[in-house]
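Note sheet for the following structure.
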Amino acid sequence: MQTAVVLLAALALAGAQHSPNAELVEQLFGGAGSRHSTNIVVDALLDVPGLVRKYGYPVEVHDVLTLDGYITRAHRIPRGRDAHSAPGPRRVALLVHGLMCSSADFVVLGPGNALAYVLADAGYDVWLANARGNYYSRRHLFLNPNDREGLDFWKFSWDEIGNRDLSALVNHIVRTTGEQKMHYIGYSQGTTAFLVLNALQPQFNERFYSFQALAPAAFNENGQNSIRDIFVHFEFILEAVAFSLGFGEIMGGEGWRETIAGLGLALCNDQSPLQPLCASVIMGGGDLEHFNKTMLPVFLGHNPAGASIRQIIHYSQVQRFRRFARYNHLNPVDNLLSYGSFTPPEYDVSKITVPSYLYYGKNDAQSNYNNVLLLGERLGNTAGIYQIERESFNHFDFIWAADARVQLYDKLVEIMKAVESSQ
Ligand SMILES: *[C@@H]1O[C@H](CO)[C@@H](O)[C@H](O)[C@H]1NC(C)=O
């Protein structure tokens, strides 16, 4: 399978080689001044640091060790790319990706469009997290993510991502930059992890200027999704079955990224008759008018990026029990050992005192706006709730829409600047 994929990618690359050499080099690596993807194949295959470097931005890679032995990898864009972006202290923006995603969420739209670049150009020191278990963070001091017997590496949900990964990363950023506070921008699961961190360890509240919550996911008391609703009732069987079959990881693993990237390049390119199908599968039948189909192979080269099966199960539990609570173990005795009670305790979001700004899409099936409004009511310090103007804006538009900058990112930067001048 992998050989075939490499072959496909090579073929696609060969297709680009009609141009003379200088032009080819420019096309492949000369992204420094551009505002769009200069080469779809290269951008699908490069990793995040490679992409960022290609477009002329400085980039750093930071490995951060968590208390429970996971080694997570953060990417940093310390400043913008123009000549005026001199090195020097600047405010930190920490960006945290969604479920089965990675730091790539914030760069795949390319310079001039993607949130990480918009923030770097606006003067921020941009940090991009990668949650344990994804493509960049499949490492542990002594547990092996490829071990199909024990699966101990995969026994985590977004509870640990918030409680362990985020706390370690925030401490690392403070140590590295000397900045005592930062802005936090989460997308979907990235917002869930923030709530977990500050509800369980409220001392972290003082580390943040603001919480910018894009398509936040916490309470799930409204909305219906019939297929998911049926599935939710089998959540408790799912873990037992998956783990007994030797699956702790979904949509990731050795060779996964190369495979999906190869398929995306082969089947979803501008010449492929299957491209419209690719687009509607990926956007879940949403509005494609503001979706640039040419970019499909790039998006698929970076997403999905893998997760633990427990992350999905934990969201199912939130829906099934109608409680935003800690992970419910199969065996209640494990709950007792972990939490001191047979029922997992709820996350107390009233303890979150960071000024919180929530952004939702009216057409977002994954983060139903009624649930976002509920979160707004329950948070300790809700400072603003914004509906994205375009009514068809859905869950994936937050990271992939051609108009994400106009609809959202520019406003976000404006609000962050306003928060700074008021504090
Ligand atoms: C779509 O993406 C391609 C590749 O990045 C770019 O050349 C083109 O201008 C984009 N189209 C729109 C409408 O943004």
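Taking region 68-147 as the region of interest, the strands (runs of 3 or more DSSP E) fully inside it that hold 1 or more residues being in contact with a Lys or Arg (Cβ under 8 Å, 6 or more places away or on another chain) and surrounded by fewer than 18 Cβ atoms within 10 Å (Cβ to Cβ) are 71-77.
The set of residues in region 381-412 that are among the aliphatic types (A, V, I, L, M) and touching a strand residue (DSSP E or B) at 6+ places or on another chain (Cβ under 9 Å) comprises 383, 385, 388, 399, 408, 412.
Among the residues of region 386-397, is any in a helix (DSSP H, G or I) and within 16 Å of the ligand (Cβ to nearest atom)? Looking through region 386-397, at least one residue is in a helix (DSSP H, G or I) and within 16 Å of the ligand (Cβ to nearest atom). Figure legend. Inter-residue proximity from region 174-192: first residues assigned to a loop (DSSP other than H, G, I, E, B), second residues of a type in the set (D, E, K, R), beta-carbon distance below 8 Å, spacing 6+ or different chains. Indicated pairs: 179/91; 179/125; 180/207; 181/206; 181/207. So is residue 338 assigned to a helix (DSSP H, G or I) and assigned by TED's automatic domain parsing to the domain that holds residue 319 or not? The answer is yes for residue 338. Within region 361-388, the set of residues being of a type in the set (A, V, I, L, M) and touching a residue at least 24 places away in the same chain (Cβ under 8 Å) comprises 365, 372, 374, 375, 379, 383, 385, 388. Considering region 229-317, the qualifying helices (runs of 4 or more DSSP H), each wholly inside and each with 2 or more residues that are away from the ligand (no atom under 16 Å from the Cβ) and at pLDDT 90 or above, run over 256-267.
Scanning region 122-134 for any residue that is of a type in the set (Val, Ile, Thr), within 16 Å of the ligand (Cβ to nearest atom) and within 18 Å of the chain's Cα centre (by Cα) turns up nothing.
Restricting region 41-51 to residues that are within 16 Å of the ligand (Cβ to nearest atom) and within 17 Å of residue 106 (Cα to Cα) leaves a set whose member that is surrounded by the fewest Cβ atoms within 10 Å (Cβ to Cβ) is 46.
Taking each residue of region 34-54 that is closer than 15 Å to residue 257 by Cβ and looking for partners that are within 12 Å of the ligand (Cβ to nearest atom) and part of a helix (DSSP H, G or I) with beta-carbon atoms closer than 7 Å, six or more apart or interchain, yields 43/298; 44/297; 44/298; 51/43.
The values are calculated or read from the model by the stated rules, or taken from the named source; none is laboratory data. These numbers come from a predicted model, not from an experiment. Every residue, glycine as well, gets a Cβ built from its backbone with ideal geometry; the counts of neighbours run over all protein chains shown.
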